[in-house]
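What follows is a short report on a single structure.
The values are calculated or read from the model by the stated rules, or taken from the named source; none is laboratory data. In this text, all values refer to a predicted model and were calculated from it rather than measured experimentally. Heads up, the Cβs are rebuilt from the backbone with ideal geometry, glycines too, and the neighbour counts pull from every protein chain shown. The accessibility values were calculated without ligands, DNA or RNA, using every heavy atom of the protein model including side chains. Shrake-Rupley method; radii C 1.70, N 1.55, O 1.52, S 1.80 Å.
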Amino acid sequence: MAERSTAAVDVAGNSGDEPLTAQADESTADGVAQNRERDTDNDEAQGSGGTESPGKASPPELHSGHKLARRYRLEECVTRLDGFSSWRAVDEKLRRAVGVHILPADHSRARSVLAAARSSALLGDPRFVQVLDAVEENDLVYVVHEWLPDATELTALLAAGPLEAHDAYQMVSQIASAMAAAHREGLAHLRLTPGTILRSSSGQWRIRGLAVNAALRGITSDTPQRADTEAVGALLYASLTQRWPYESDAYGLSGLPKGVGLIAPDQVRAGVHRGLSELAMRALANDGATASRHESACTTPEELVKAIGEMPRIRPPEPVFTAPPDYQHTTYQQGSYGRQAPRPGLTQPLPTPPPPLQSRTGKALKWAVSALLIAALGLGSWQLADALIDRSGSDDTKQTQTPDDNDKNTDKAKPVTTLKIQGAEEYVAKGKAQHPGDVDKTYDNDSSTYWRTASYTNGPDMNPAYKPGVGIVYDFGSAKEVSAASIGLLFGGDHTTVTLYATDSSSSSVPLTSMTKLGTVTTKDTTAKVTVAKPVKSQYVLVWFTALPYASGDSFSNAGFKQAITDLKFTG
C-alpha cells in the first residue's frame, strides 16, 4: 500500500528525474513543490485565475494592454506561478485570440521552455494545441500558442457528471493515439490532467501543453511513456466515475476512500462500461497488478492504443424522441378513432334505440324496402354490363390502329446512358491531398487499380475541424444530365458515407456551400449507389466522402479509417 501511495503522488505531480527530449537537464522539484503543483493544477484554465507561488525569479512586471513584439496584446492573466505567467492575448496582426506563457530570460527554466516549445511546434499534429511562436527578446522568453474559445476543458465536463460510455471511449481513443504519435517523435507531456484536455465544438479532443507545461514546472521522468500512459488511464477513470483514482482530491474531483487502494471504476459507480473499466485499470498499471484483472498492464501509449483497438466499438446512444409539452395525441393514436366524441356537459349514456317495428305496417314497410333494393341492384347490374360492352368495343377499335398511331399514344422510356469521363482532379478542402496521381484509376475499367485515401486514426466520421472530407471532381467535357452514380469500393464494413455535388469547376477553391447537392448514401457494402432524385445538368460532379470504414493495415498504409475507389460509373 505504501508503494501505491508513492505512485499516486508521482502521477498526480508528474515527478521524475529524466529531462524531456530536447530540454536541458534540470533537477526535479522536491516533494513539497510537487504537492503544491498538484493542488494548484488549474493554472492552465482558460479564463480562471492562478495562485502566486514563490519561484527562483520574479515574474516580469506586465499588465493588460502590454504588447510583445508589437503584435501580441496581453488581455488577461490566467496564471502566475513559480516565476512565470500565462495570459490570454490578441494577435493584432492576424486578429485572433492566442495564449502566451512568459518568464524572465534569466529564469532557470527559460532554456528548457524554449527547447520544448520549438520541439512541440515541429510535431504539427492537429490533435495538440499548436505552438505558434517561441521567442526570446527584451530579457523575456515567451511562448505563443493557439487559444480555442469554443473548446471545453474536461474539468468542466466532469463537473456536470461522468461522461457517457461513447464519449469516454472517444476521449481515450483520441488522446491515446495522439500521445502515441508524440512519443514516436520523442516528445512527452508528463502533465496530462483534466485541465489540459479540451473538447472542441465539433467533438474532437485536443491536448494542450505538450512538453511545454512540464518544462515550465521543471517536471521530468525516468519513464515518460509509462507516466503518460498512466495519466491517460487516470483521465479515463475520472471520466467514468467522476472520481480521481488516488487518495488525494485533485482537479475538482474527490479522491478514493483512504486505505482501500485502487478499485475498478465499475465497482465505484453502477452502470460503468465493463470494457472501459478494465482498460482504465490496465493503463493505471498499479505496479503491474490490475485490481484482480488478468489482462496485462499497458505501459506505453502504443500498447494502450492496441488494447483499445481490440475492444468492440462502442456506438453512440440512439436518439430518444421526447414530445414537446404542448404535443397532443390524435384520436387515432389514442385508440378512439371512430367513436362518438362526448359533448360538453353530457354525463349520461345515450338512450337505447327503440326496437324495430313489429306491427303489420312495419312488416309491410320492410317488404317494400327490400323490393326497392332488389330493383336498384338489377338496374345497376344492367348499366355495368352495358358499360363493359362499350369498353370492349372501344378496345377492339384501338387494336386496329396503325403502329404510328400507337407510338403517338405511348410514352417511351428514356434510355439510360453511361457518361464518359474526360478527366478528374482531387478536391482538397483542407490539409494535404490524398493520392492525386491515381484519380484516373477510378474510371479505367480495371477493378484491380484504385485511388485510395490516407489512413486516419479517428473515425468513422471525418472531423470537420481537421479535414471535412476527401473526394474527386469528375469532368464530362460538357454539361451532362446526371441521374445516378455507381462507386466501386475497396473496403466494406462499418460504414462509408458518400455524397454527390454538382459544381461549376474542378478547382478546390470552389467551397462546398456553393455546390448543388445531388444525393447521398451510407453503405457497408463494397459498392455505393447514389441516385439523383431530380436529374441535374453539370459538367463537373464531386464524389465526396465524409465517413470511412475501419480497415486493417496493408502494403500502402497502417490500420485505420480509410477507403478506396476501384471502379466508378455515372449514368444520365
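Step through the residues of the stretch 416-425 one at a time and calculate ³J(HN,Hα) from phi using the Karplus curve (6.51 cos²θ - 1.76 cosθ + 1.60, θ = phi - 60°), rounding each to whole Hz and writing x for Gly and Pro.
8, 10, 8, 7, 7, 8, 8, x, 7, 9
Would you mind telling me the share, in percent, of accessible area of the stretch 187-251 contributed by carbon and sulfur at probe 1.4 angstrom?
After summing per-atom areas, the C and S share lands at 39 percent.
I want to make sure I understand the PRE zone here: with the label point 7 angstrom from the Cα of LYS534 toward its beta carbon, which residues in the stretch 444-486 have backbone N atoms less than 15 Å away?
Only 482-483 pass the distance filter.
Which residues' amide hydrogens lie under 5 Å from the amide hydrogen of GLY471, considering only partners 5 or more residues apart or on another chain, with H built in the peptide plane?
So GLY471 has HN proximity to TYR427, PHE545.
Once amide H atoms are built 1.01 Å from N in the peptide plane, which residues 5 or more positions from VAL98, or in another chain, come under 5 Å H to H?
Sorted by chain and number, the residues that satisfy this are ALA89, VAL90, ASP91.
Where does each of 438-447, 471-480 land if you order them by average Cβ count within 10 Å, highest first?
471-480, 438-447
What order do you get for 275-282, 62-69, 187-194, 202-209 when each peptide is scored by the mean count of other beta carbon atoms within 10 Å, highest first?
187-194, 275-282, 202-209, 62-69
Summing Lys, Arg as +1 and Asp, Glu as -1, what charge do residues with Cβ under 14 Å from the Cβ of LEU240 carry, LEU240 excluded?
Result for the local shell: 0.
Give me the net charge for the shell around LEU123: Cβ to Cβ below 12 angstrom, other residues only, Lys and Arg +1, Asp and Glu -1.
Around LEU123, the charge tally is +1.
Could you look at the stretch 481-547 and say what percent of its accessible area is carbon and sulfur, using a 1.4 Å probe and all protein chains?
49
Pop a pseudo-label 7 angstrom from the Cα along the beta-carbon direction at both THR418 and HIS63 and give the gap in nm to one decimal.
Here the answer is 7.7 nm between the modelled labels.
Please give the per residue accessible area of the stretch 180-319, computed with a probe of 1.4 Å over protein heavy atoms only, in Å².
Solvent-accessible surface per residue comes out at 37 Å².
Which value, in debye to the nearest 20, gives the size of the charge dipole of the stretch 200-250 about its Cα centre, when Lys and Arg are +1 and Asp and Glu are -1 at the Cβ?
240
What's the ranking of 83-95, 230-242, 421-433, 117-129 by average number of surrounding C-beta atoms within 10 Å, highest first?
230-242, 117-129, 83-95, 421-433
For GLY423, list long-range residues whose amide hydrogen, built 1.01 Å from N in the peptide plane, is under 5 Å from its own amide hydrogen.
The answer is ASP475.
Skip the ligands, DNA and RNA, and give the accessible area per residue of the stretch 449-524 with a 1.4 Å probe, whole Å².
Spelled out: the 1.4 Å probe surface of the stretch 449-524, per residue, equals 39 Å².
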